[in-house]
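Reviewing the structure listed below.
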Amino acid sequence: MSTTVRRLGGLLGALAAALLCVLTAGAGTASAHAALTATDPRQGSVVPEAPRQVRLTFSEGVLLGADSVRVLDPKGARVDDGRPAHVDGRSETAAVALRAGIANGTYTVAWQAVSADSHPVAGAFTFSVGAPSATTVKAAVKGTDPVVGTLYDTARYAAYAGFALLVGGCVFAAVCHTGRGVRRVAVGGWVALFLATAALLLLRGAYTSGRGPGAVLDLSLLGDALSSRPGEALLTRLLLLSAAAVVLAVVFGEHARPGGGRRAYAWGLGAGGGLVAAGLAATWAAAEHASAGLQPWVAMPVDVLHLLGVGVWLGGLAALLAALGAEEPLPGGAARRFSRLAFTAVCVLVATGIYQAWRQVGGWAALTGTEYGRWLLVKVGLVGVLVVLAAFSRRWTARLTDRAPVRGPRPKAVPEKSGGKPGGSAGASPERAAQLARQRAAMAKAAGRRERAADEGRSGLRRAVLAEAAVAVVLLAVTTVLTTTQPGRAETEQRRAGRTDGGPSASAAGPVEARIAYDTGGKGGRGTARVTVAPGRSGANTVDVTLTDPAGRPVDVPEVAVSFTEKEKGIGPLRAPLKRLSAGRSQASGFQLPMAGRWQLTLTVRTSEIDQVTEIEDVKID
């Protein structure tokens, strides 16, 4: 094994060991993707009279829109009055006033906001005024539109790819080698980043409000997006791209030609280009995971360095691949300079990646116990594959030389007809002369391709870099997924705290099920009832009742009824309105259990005019 391979292998080993150490270390509380931590009125509670407002408290600051908090009566009509606002200027709160004189019954509060890390969050809860009642509200929470979500994620991926190509192409041109192919990589990255950023800005309002693609043209949503921190970051990115266009013009302009004064521009170009690249990276750091949660003052600069390392390495790979495929030979010295540059970038990625893993994952168990941790493992694995492939590329790089390839015999010229007159093409028409020129250019290009293919070092390096680039494409996709995934540390903390964001409680065991044996005393009066309450939490539930005879076959009875009573609070009995679905099976949808606690389930089964029995079972509702 070569020295380079051993060195890179040692780097991977150090990364694994460091990850093990930091993930098993303790840390303070962190949060990201805001979670609902408290409500007033309390979730599932019964209040004696209608409150003046509904107030929500989150685990971190949130951005509010016109419809961020909606309060719906039992029939689904809105009873909130006015735009929701923060309480006393605290960004982690939201409150909306209620109309005067609302009637008794169960009310549903549907909320949707944008957390400090730029991702939309949503949920719902219920409370009752006077006494619980039936409600027709079943799905009040609006999630991100699937089409808008797909477009937004695609634009996010294109933005990351464009940034990497722009930064990597410019750095490669300034440090290693300039050429037409490298220029195309950098300019293509600028175009991709500009278009993707513009698309993200237009889609932002629809993405956070849960509306469809048609909302992209809604100027009010665009105004809301521009007034938010993520919108400001996207607008800043567009402005910085104008400065990046100047850097591109300087890098690939007159100074790059002999006598163009390249040395005079070197320091200024490096400083200016570095500031623009850092500014572009900061537009991500200031509006996503790094800006929220634990140690943001450290995480944001670290995130900028991480993104710059990604750009120099992965974008540089694309530039190197373009240079290897170009007609002009790539000097061996240029390839070796990029090899050293890439190694430095990998070291930066390892150092910053360790800190990010500790900050976002928090514990060893979260690597496999959370979605974020599992995606992070995939990313680390892909980085490991890239490092191994880079070791092979460095071996091919060592075989490159700075001398020009040995050219074989040039192809014979195409015979030119001149009507039997001497003088060659002197008497040929301009069209014929242009055709001959194109033929000679095509033959020269084909000969150049054969010469490049015959260069074993160059072709071997090109194959290795092509494999690296293919893995890099997948790596960027995984990175994009990570930016939209709840960090493992935040998910773990929310589970421990028993928090809820409107979805299933992390501590809930799932649907509540009770198996109750009954015997009405008459003929065919024995059997078993399986009662399932799903999801088994306060709020809307589905009550499913299945009756079977002693042989396990479904059986119909003249009457079956289920009710719930909370004796400590004096609530109930609340009867579930069962409807027959099939033989032996009945169901009640949208049945409201106003609070968590131990409820008394009462089952009544009647098998004839005179044969009836009532059974009682306690069930725990979270």
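Condition first: open to solvent by 50 Å² or more (accessible area, probe 1.4 Å), within 20 Å of Ala287 (Cβ to Cβ) and outside any loop (DSSP other than H, G, I, E, B). Can you find one or more residues in segment 154-165 that meet it? Checking segment 154-165: at least one residue is open to solvent by 50 Å² or more (accessible area, probe 1.4 Å), within 20 Å of Ala287 (Cβ to Cβ) and outside any loop (DSSP other than H, G, I, E, B). Scanning segment 51-84 for residues that are more than 24 Å from Leu294 (Cα to Cα), surrounded by 15 or more Cβ atoms within 10 Å (Cβ to Cβ) and of a type in the set (Gly, Ala, Ser) returns Gly65, Ser68. Scanning segment 574-619 for residues that are assigned to a strand (DSSP E or B), surrounded by 15 or more Cβ atoms within 10 Å (Cβ to Cβ) and among the hydroxyl-bearing types (Ser, Thr, Tyr) gives Ser586, Thr602, Thr604. Here Ala477 meets the list (1) over 26 Å from Tyr372 (Cβ atoms); (2) of a type in the set (Gly, Ala, Ser); (3) modelled with pLDDT of 70 or more almost entirely, failing just condition (1). Scanning segment 519-533 for any residue that is buried (at least 20 other Cβ atoms within 10 Å of the Cβ), at pLDDT below 75 and not in a loop (DSSP other than H, G, I, E, B) turns up nothing. Just one residue in the set Ala335, Ala322, Ala318, Ala357 is within 30 Å of Ala35 (Cα to Cα) and among the aliphatic types (A, V, I, L, M); that residue is Ala357. Scanning segment 196-214 for residues that are free of Cβ contacts under 8 Å to residues at least 40 places away in the same chain and of a type in the set (A, V, I, L, M) yields Leu201, Leu202. Checking segment 67-86 against the condition returns a match, with at least one residue being over 29 Å from Pro296 (Cα atoms), part of a strand (DSSP E or B), among the charged types (D, E, K, R) and without any contact (Cβ under 8 Å) to a residue 12 or more places away in the chain. Against the conditions (1) modelled with pLDDT of 90 or more; (2) out of contact with any Gly (no Cβ under 9 Å at 6 or more places or on another chain), Ala164 satisfies every one except (2).
Name the single residue that is surrounded by the fewest Cβ atoms within 10 Å (Cβ to Cβ) among those in segment 543-573 being outside any strand (DSSP E or B) and charged (D, E, K, R). Step through it out loud before you land on a result.
Going through segment 543-573, the residues outside any strand (DSSP E or B) turn out to be 549-553, 555-558, 567-570.
Narrowing further to those that are charged (D, E, K, R): 549, 553, 556, 567-569.
Working: Asp549: 14, Arg553: 11, Asp556: 13, Lys567: 12, Glu568: 8, Lys569: 13.
Looking at the filtered set, the residue picked out is Glu568.
Taking segment 577-622, which residues are small (Gly, Ala, Ser) and more than 26 Å from Gly522 (Cα to Cα)? Explain how you work it out, then say what you get.
So in segment 577-622, the residues small (Gly, Ala, Ser) come out as 582-584, 586, 588-590, 596-597, 608.
Correct list: Ala588, Ser589, Gly590, Ala596, Gly597.
Considering the conditions (1) under 27 Å from Gly362 (Cα atoms); (2) modelled with pLDDT under 80; (3) of a type in the set (Ser, Thr, Tyr), Ser459 is excluded by exactly one of them, (1). If you go through segment 204-220 and keep only what is of a type in the set (A, V, I, L, M, F, W, C) and either open to solvent by less than 20 Å² (accessible area, probe 1.4 Å) or in contact with a Pro (Cβ under 7 Å, 6 or more places away or on another chain) (or both), you end up with Ala206, Ala215.
Yes/no per residue for (1) among the acidic types (Asp, Glu); (2) buried (at least 20 other Cβ atoms within 10 Å of the Cβ); (3) within 18 Å of Val474 (Cβ to Cβ); (4) modelled with pLDDT of 80 or more:
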{"position": "Ala345", "(1), (2), (3), (4)": "no, yes, no, yes"}
{"position": "Val378", "(1), (2), (3), (4)": "no, no, yes, yes"}
{"position": "Gly381", "(1), (2), (3), (4)": "no, no, yes, yes"}
{"position": "Arg410", "(1), (2), (3), (4)": "no, no, no, no"}
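For segment 139-148, taking the residues that are open to solvent by 10 Å² or more (accessible area, probe 1.4 Å) and under 18 Å from the mean Cα position of the chain (by Cα), the one that is modelled with the highest pLDDT is identified as Val147. Filter segment 229-275 down to the residues that are open to solvent by less than 20 Å² (accessible area, probe 1.4 Å) and either modelled with pLDDT of 90 or more or of a type in the set (Asp, Glu) (or both) and list them by number. Scanning segment 229-275 gives Ala233, Leu234, Arg237, Leu241, Ala244.
Just a yes or no: is a residue in segment 105-120 open to solvent by less than 10 Å² (accessible area, probe 1.4 Å), modelled with pLDDT of 85 or more and assigned to a helix (DSSP H, G or I)? No, segment 105-120 contains no residue that is open to solvent by less than 10 Å² (accessible area, probe 1.4 Å), modelled with pLDDT of 85 or more and assigned to a helix (DSSP H, G or I). Scanning segment 280-294 for residues that are open to solvent by 20 Å² or more (accessible area, probe 1.4 Å) and at pLDDT 80 or above gives Ala282, Ala286.
Scanning segment 355-372 for residues that are open to solvent by less than 30 Å² (accessible area, probe 1.4 Å) and either at pLDDT 85 or above or polar (S, T, N, Q) (or both) gives Gln360, Thr370.
Return the pairs, sorted by first residue and then second, in which the second residue is open to solvent by 70 Å² or more (accessible area, probe 1.4 Å) and assigned to a strand (DSSP E or B), the first residue lies in segment 570-589 and is more than 13 Å from Ala131 (Cβ to Cβ), the beta carbons are less than 6 Å apart, and the residues are 6+ apart or on different chains. Once the first residue is more than 13 Å from Ala131 (Cβ to Cβ) and sits in segment 570-589, its partners that are open to solvent by 70 Å² or more (accessible area, probe 1.4 Å) and assigned to a strand (DSSP E or B) give Ala583/Pro554; Gly584/Pro554; Ser586/Arg580; Gln587/Leu581.
Is it true that some residue in segment 167-187 is hydrophobic (A, V, I, L, M, F, W, C), touching a helix residue (DSSP H, G or I) at 6+ places or on another chain (Cβ under 9 Å), without any contact (Cβ under 8 Å) to a residue 40 or more places away in the chain and open to solvent by 10 Å² or more (accessible area, probe 1.4 Å)? No: zero hits. When the criteria are applied in full, Leu601 fails the requirement of being modelled with pLDDT of 80 or more, aliphatic (A, V, I, L, M), more than 16 Å from Arg530 (Cβ to Cβ) and in contact with a Phe, Trp or Tyr (Cβ under 7 Å, 6 or more places away or on another chain).
The values are calculated or read from the model by the stated rules, or taken from the named source; none is laboratory data. Bear in mind the structure is a predicted one, so any value in this text is a computation, not a measurement. A quick note on method: Cβ atoms are made from the backbone with ideal geometry, for glycine too, and the neighbour counts reach across all protein chains shown. Accessible surface areas use protein heavy atoms only, side chains included; no ligands, DNA or RNA. Shrake-Rupley method; radii C 1.70, N 1.55, O 1.52, S 1.80 Å.
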